[in-house]
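Let me begin by presenting the structure, written as C-alpha cells, before commenting on it.
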Amino acid sequence: MEGLDFEAKYIIDTDKIIEIFAAEGVEFLLSCEGKVPLSECNGKTICLFFSANWCRPCRAFIPHLVELYDTLRKRDKSLEIIFISFDHDENGFKEHFKSMPWLAVPFDANLHRRLIDRYGVDRIPSFIPLCSDGITVEEEDLIGYIEDYGADAFPFTRKRREELKAIDKRKHEESNLEELLTHEGRNFLISGDDRKVHVSELAGKTIGLYFCAYWSPPCRAFTLQLEDAYNNLKAAKNHCFEIVLISTDRDLKEFSVNISSMPWLAIPYEDRTRHDLCRIFDIKGIPSLVLIGSDGKVITMNGKFMVSSYGAEAFPFTEARIRDLEAALKKEGEALPQQVEDVKHEHALKLDMAKAYVCDSCKKQGKFWAFSCDVCDYDLHPSCVEKVNIDESS
C-alpha cells in the first residue's frame with residue numbers, strides 16, 4: 001500500500017485502536033517514564049505486541065524489536081508499539097516492561113484477555129501491525145520476518161516482504177562485495193590484530209565467507225584445515241584468495257577469542273550484516289564455507305567439502321578443478337597395486353581411499369590413497385610401503 005492509501009489506512013486504524021481502548025476503560029497508556037495519554041498515538045503507525053515475562057521466546061525476541069523500534073525512530077518513522085501482556089500477575093508485567101522502550105496497556109488481566117481475544121492471538125510472542133496490507137500472524141510469521149530483516153521489514157507489507165526477498169536473491173546470485181559486506185557507513189572489515197581493511201581491497205579476489213563459532217568443536221577442527229589451505233594459497237597465489245569470518249558466536253567475548261586465532265578478516269560482531277548473510281545464503285549449520293569467484297558469482301555453497309577434501313589444491317574451487325583432481329586421483333590409484341605385503345606389518349595391506357588418516361610408519365597426516373589392514377587399524381602412505389622381497393616370500 002503506497003502514498004495516501006497507506007497513510008489513510010494507518011490513521012483509520014489508529015483512531016480505531018484508541019476507540020477500542022477508550023471503550024474498554026483504558027484512560028492512559030504507560031511508558032518507561034509514567035502515564036501517557038491515548039492521544040500520544042494520534043497519526044502514528046500502531047503495532048500491538050503480545051508477550052509475557054515467563055515466555056523465553058518472548059524475551060529472546062525483544063532485543064530484535066528494540067533494535068527495530070530505535071532504528072525506525074531515528075529514521076523519523078511515526079511508529080508506536082503497544083505492549084499487551086500475557087503475564088499472570090502485575091509483578092511479571094512490570095519486570096517484562098522494563099526491557100521495552102515503547103508503550104503498554106496498564107496491567108489488567110481481564111482487559112488484556114479481552115484484547116487478546118479481540119485480535120485472535122493464540123501464541124506469543126505475537127506482533128500485529130495495524131497498518132499492514134493483510135499480513136497477519138496467521139498468514140505470515142512476522143516474528144521471524146522481523147528477526148530476519150530488522151527495521152528493513154517496515155512497513156510490514158507483502159510488497160515490502162517480496163522486495164526484500166528479491167534483494168536477497170540478487171545478492172546471492174550476483175554478489176557485489178561492497179553491497180554484500182558493508183553496512184550503513186561501515187566500509188571496512190577487521191582483523192584479529194585490530195587492523196581495518198577496506199572492502200574495496202578484496203575486488204578481483206576469490207572470497208570465502210566462513211560461517212563459524214568458537215563454541216563449536218567441528219568449527220575449531222575445520223578452522224585448522226582452512227587455515228592451512230589459506231596460508232598455502234597466500235604464499236603461492238599472490239594474495240588472490242581471502243576469507244571473511246561471519247561469526248555466529250554467542251557474544252562479543254567468544255567472537256574476540258575466535259577472530260584473534262585467525263589470519264583472515266571478519267565482519268564486526270555488532271554489525272547485523274552477519275545475520276543478513278546467514279539469511280541470504282540460507283546457512284543451516286556450521287561450519288559452512290561459501291565461495292565467491294572474482295566475478296562476484298557464487299562458485300559453491302559447499303566450500304567446506306572442497307577444502308576438507310583437497311585443501312589448497314582445490315583452488316579456484318570450480319567444478320572443473322574438482323573434476324581434474326578426481327581424475328588425477330583415479331589415475332594415481334590405477335597405477336598402484338591393489339594389495340601389498342609390507343616388511344613392517346604381518347598382514348596383507350589393501351589399497352583404500354581414505355579422507356584422512358595418520359600413516360603408521362612416518363606418523364604424518366595422509367589422505368586419499370592408503371594401504372590399509374583389514375585385520376587391525378594400520379595404514380601406510382603408498383610412499384612408505386616397504387614391499388616384502390619376492391624371493392623371501394616364496
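Miscellaneous remarks
- Where a label projected 7 Å from the Cα of Cys376 along Cα→Cβ would reach, residues of segment 338-368 with amide N under 12 Å: 344-348
- Helical contribution to [θ] at 222 nm, DSSP H n ≥ 4, -39,500 (n - 2.57), averaged over the chain, rounded to 500: -12000 deg cm²/dmol
- Kirkwood radius, segment 302-394, all distinct C-alpha pairs, inverse of mean reciprocal distance: 14.5 Å.
- The listed residues Trp264, Trp215, once ranked by accessible area (1.4 Å probe) with the largest placed first, stand as Trp215, Trp264.
- Per-peptide average of other Cβ atoms within 10 Å, ordering 274-282, 372-380 highest first: 274-282, 372-380
- The chain - percent of accessible surface contributed by carbon and sulfur, probe 1.4 Å: 49 percent
- Sequence of Cys362, Cys47 from largest to smallest accessible area, 1.4 Å probe: Cys362, Cys47
- Bridge orientation summary for the chain: considering DSSP beta bridges with both residues in this region, about 65 percent are antiparallel.
- Rounded if a/c under 1.5, otherwise prolate or oblate - segment 140-211, Cα gyration tensor axes: prolate
- Measuring nothing but alpha carbons in the chain and taking Rh as the Kirkwood radius, the Rg to Rh ratio lands at 1.16.
- 4 °C / 1.567 mPa s Stokes-Einstein diffusion coefficient of segment 323-366, Kirkwood radius on C-alpha pairs, µm²/s: 106 µm²/s
- In terms of accessible area, using a 1.4 Å probe and ignoring ligands and nucleic acids, Ile190, Ile259 rank largest first as Ile190, Ile259.
- Mean separation of Cα contacts under 8 Å (6+ apart) over length of segment 228-270, as relative contact order %: 37 percent
- Stretchable slack from Arg75 to Ala354, in nm (0.36 nm times residue separation minus alpha-carbon distance): 94.8 nm
- Distance-filtered residues of segment 16-55 - backbone nitrogen under 15 Å, label point 7 angstrom along Lys98 Cα→Cβ: 32-33, 53-54
- Glu313 accessible area, 1.4 Å probe, all protein chains in place, Å² to nearest 10: 110 Å²
- Within the assembled protein chains, the solvent-accessible surface assigned to Ile128 is about 30 Å², based on a 1.4 Å probe.
- Counting only heavy atoms of the protein chains and using a 1.4 Å probe, Asp122 has close to 130 Å² of accessible surface.
- Over segment 68-227, all Cα pairs binned in 5 Å intervals from 0 give whole-percent P(r) values of 1, 6, 11, 14, 14, 13, 11, 10, 9, 6, 3, 1, 0, listed from short to long.
The values are calculated or read from the model by the stated rules, or taken from the named source; none is laboratory data. Note that the structure is a prediction, hence the values are computed from the model and not measured. Cβ atoms come from the backbone with ideal geometry, glycine included; neighbour counts cover every protein chain shown. With ligands, DNA and RNA removed, areas are computed over all heavy atoms of the protein, side chains included. Shrake-Rupley method; radii C 1.70, N 1.55, O 1.52, S 1.80 Å.
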